[in-house]
Amino acid sequence: MDISSQEEHMIQALREVALPPLFVLIRIRNDILNDTVNIEEGRRNEIVSTLERYIAPLWEDYHKEKNAQANEGASGLE
């Protein structure tokens, strides 16, 4: 998959502010999904599908970690 210079600049800007990778992927996905002017529909769908494949496992890990922390906090209150 080729990355346009606009996409490359967006990715670089998000890396420079040191945001969590999951946030960056979701933000990029949403921006591309809503960009009906600069990205043709077929390309947009391809990029969004690719990003969703990367986001899904990270999202699951995030929720597992969050639930584990909540369970640790709840067990400490007993």
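For segment 47-74, name all the residues that are hydroxyl-bearing (Ser, Thr, Tyr) and either open to solvent by 50 Å² or more (accessible area, probe 1.4 Å) or touching an Asp or Glu at 6+ places or on another chain (Cβ under 7 Å) (or both). Give the derivation first.
Step one: of segment 47-74, the residues hydroxyl-bearing (Ser, Thr, Tyr) are 49-50, 54, 62.
Within segment 47-74, SER49, TYR54, TYR62 meet the criteria.
Name every residue in segment 35-46 that is farther than 14 Å from GLU7 by Cβ and surrounded by 10 or more Cβ atoms within 10 Å (Cβ to Cβ), in order of residue number.
Passing the criteria: only ASN45.
Could you list, in sequence order, all residues of segment 12-40 that are under 16 Å from GLU52 (Cα atoms) and of a type in the set (A, V, I, L, M, F, W, C)?
LEU22, PHE23, VAL24, LEU25, ILE26, ILE28, ILE32, LEU33 - these are the residues of segment 12-40 that are under 16 Å from GLU52 (Cα atoms) and of a type in the set (A, V, I, L, M, F, W, C).
The values are calculated or read from the model by the stated rules, or taken from the named source; none is laboratory data. These numbers come from a predicted model, not from an experiment. Quick reminder, even Gly has a Cβ in these numbers, built from the backbone with ideal geometry, and neighbours come from all protein chains shown. Just the protein is used for accessible areas: all its heavy atoms, side chains included, with ligands, DNA and RNA removed. Shrake-Rupley method; radii C 1.70, N 1.55, O 1.52, S 1.80 Å.
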